[in-house]
Amino acid sequence: MGIISSSIARKVAMALSGLFLVLFLGQHFTINVTSTFSPETFNSWSHFMGTNFLVQAILQPVLIFGVIFHFVMGFILEARNRSARSISYVSYKGNANSSWVSRNMIYTGLVVLAFLGLHFYDFWFPEMVHKYVESNPEDATRYYGELVEKFHDPLRTGFYVISFVFLALHLFHGFASSFQSVGFNNKYATGLKKFAKVYAIAIPAGFIFIALFHHFNH
Amino acid sequence: MKLTLKIWRQESAKAKGAMKTYQIDGIDGDMSFLEMLDVLNEDLINKGEVPVEFDHDCREGICGSCSLQINGEPHGPDRLVTTCQLHMRKFNDGDTITIEPFRATAFPVIQDLIVDRSAFDRIQQAGGYISVNTSGNTVDANAIPIEKQNADDSFYAATCIGCGACVAACKNASAMLFTSAKVSQFALLPQGEVEATERVQNMVRQMDLEGFGNCTNTGACEIECPKGISLENIARMNREYLSAVSKG
């Protein structure tokens, strides 16, 4: 209890869960981007992820736990931080000393949370029902069609695009900041933080490209 | 220079405070910010009003007594200076200046612009010391060889004057820059190794008990610190803490 309630332990836990989600995002993007040039590869990799025992029984629960943990800990820390200043300033010039994204992680995070709700509704819940409730026979060719179908709707595509912009904002501070949180501050830190900033923009931009690609090509 | 001042007035710790507006004239650009407040107070006393209470002591930027959130920034708009070193030439004739106390639940207002920063003392007391024999057998510090980089980093960490600007600037009212500077100045020296494991844990525990917020790496503290204490100290404290916890 002592360690769990420590501000540094919580900060490190936030950073590690964030890093885990960032790694997952890279893996998710690698599979999804194949849908823009090889539907067969996309189907085959998706089928592997959807049917492999280790992915389904171990990686998927760990991922869901990681997502829930990151959000719940984010809310706990936000509540603690708000109570640390019970009377607000009349004048507070945050822009003079810090970036907008670093001060508004909770809001960019909430948009990402709303997006995850839609994303689970779109893909994860139907997938679970398809496999484990209706117990449909395995079909290794269905994934590409399901993906493309979702991006016909301009409203959904628009929301996905906006969400990825907010994801980029969230990662732009969060990814680089996680190295500081875990105490990583040596000669490689500067390079790693630069990589994190590039990653934070490149991966969401890639997801935007995929969403728009399928919207305008089908 | 003619100015409009919006100042937080609060009679006592339990009283309800509010912003009050004052007009002030005849301010010279060479005056320090505190001298400008001295002029205001003289004016208020002459009028039979209660002067504005504010912290000050050395007035040369080394004691850490002065504070004030000036136009939304601790120690005002200038960088690497305390309020007592802030010159009025940084402002223009006709400006409106907002002056508030440092805001944090752990820094309760005592009166007007004075806040209770004894939370910092308690963090320091929780572990910010080393055990050195001072009974006549004291070993000359220079007898222990110390790597130049570590000596320099330790010295820079030790330049923290404990003014609380880091807490005031942080959107979360976090005291991690202060605590990490106090941890670092000992952690980097062999003399600090004896209590290293307990020190960081005790100081962090006290910091949390005082009700400061969590660091979210916005970097505002480093920018507003009048002594330029580096964020590297926070990363070092995090490492020290993780290492201490792993040792049990």
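Structure above, values below:
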read-out	value
Nearest 10 degrees, 0 to 90: helix B:176-187 Cα axis against chain B principal axis	40 degrees
Peptides A:50-60, B:159-169, A:20-30 ordered by average Cβ neighbours within 10 Å, highest first	B:159-169, A:20-30, A:50-60
Peptide A:181-189 - average C-beta neighbours from other chains (10 Å radius)	4
Angle in degrees between helix B:118-127 and the longest Cα principal axis of chain B, rounded to the nearest 10	10 degrees
B:Thr21-A:Asn95 FRET efficiency (beta carbon distance; Förster radius 35 Å; 0.05 resolution)	0.90
Beta bridges by DSSP in the protein assembly as shown, antiparallel share as percent, to the nearest 5	75 percent
Percent RCO, i.e. relative contact order, over the range B:3-111, from Cα pairs under 8 Å lying at least 6 residues apart	35 percent
Close Lys-Lys pairs in the range B:118-247, where close means Cα under 23 Å and separation is 8 or more or interchain	6
For residues of A:95-106, the mean tally of beta carbons on other chains within 10 Å	5
Solution diffusion estimate, µm²/s, Stokes-Einstein, the range B:118-247, Kirkwood Rh from C-alpha pairs, 10 °C, viscosity 1.306 mPa s	106 µm²/s
Extent along principal axes [Cα atoms of chain B; Å; largest to smallest]	61, 37, 35
Contour minus Cα-Cα distance for B:Lys6 and B:Ile130 (0.36 nm per residue)	40.2 nm
Convex hull volume of the protein assembly as shown per residue (C-alpha atoms, cubic angstrom)	196 Å³
Charge-dipole axis of the protein assembly as shown as Lys and Arg at +1 and Asp and Glu at -1 on Cβ define it, positive-most pick from B:Leu40, B:Ala220, B:Leu113	B:Ala220
Within chain B, percent of DSSP bridges classed antiparallel, to nearest 5	75 percent
Theoretical FRET efficiency, 1/(1+(r/R0)^6), r = Cβ-Cβ of A:Leu59 and B:Thr96, R0 45 Å, to 0.05	0.20
Point-to-point label distance, A:Ser88-A:Asp139, nm (Cα→Cβ direction, 7 Å offset)	5.2 nm
Estimated FRET transfer efficiency when R0 is 45 angstrom, pair A:Leu118-B:Ser246 (beta carbons, to 0.05)	0.65
Shielding of B:100-107 by partner chains, average beta-carbon count, 10 Å	4
DSSP loop GluC sites (Glu not before Pro) with at most 16 other Cβ within 10 Å excluded, longest remaining stretch of chain A	A:1-133
Kirkwood hydrodynamic radius (C-alpha pairs) into Stokes-Einstein, the range B:3-111, 20 °C and 1.002 mPa s, D in µm²/s	149 µm²/s
Label point 7 Å beyond Cα of B:Arg79 along Cβ direction - residues of the range A:150-192 with amide nitrogen under 20 Å	A:190
Cα centre as origin, Lys/Arg/Asp/Glu Cβ charges: the range A:1-126 dipole, Debye	760 debye
Choice from A:Gly117, A:Gly206, A:Gly18 showing the highest fluctuation, given a GNM over chain A with Cα pairs closer than 10 Å	A:Gly117
Relative contact order, percent, chain A [alpha-carbon distance under 8 Å, six or more residues apart]	32 percent
Proximal lysines relative to A:Lys131, as straight alpha-carbon distance under 20 Å, when same-chain residues fewer than 8 apart are discounted	A:Lys150
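All of the numbers you see were taken from the coordinates with simple rules; none came from a lab. None of the values given here were measured: they were computed from a predicted structure. All Cβ positions, even for glycine, are placed from backbone atoms using ideal geometry, and neighbour counts span all protein chains on display.
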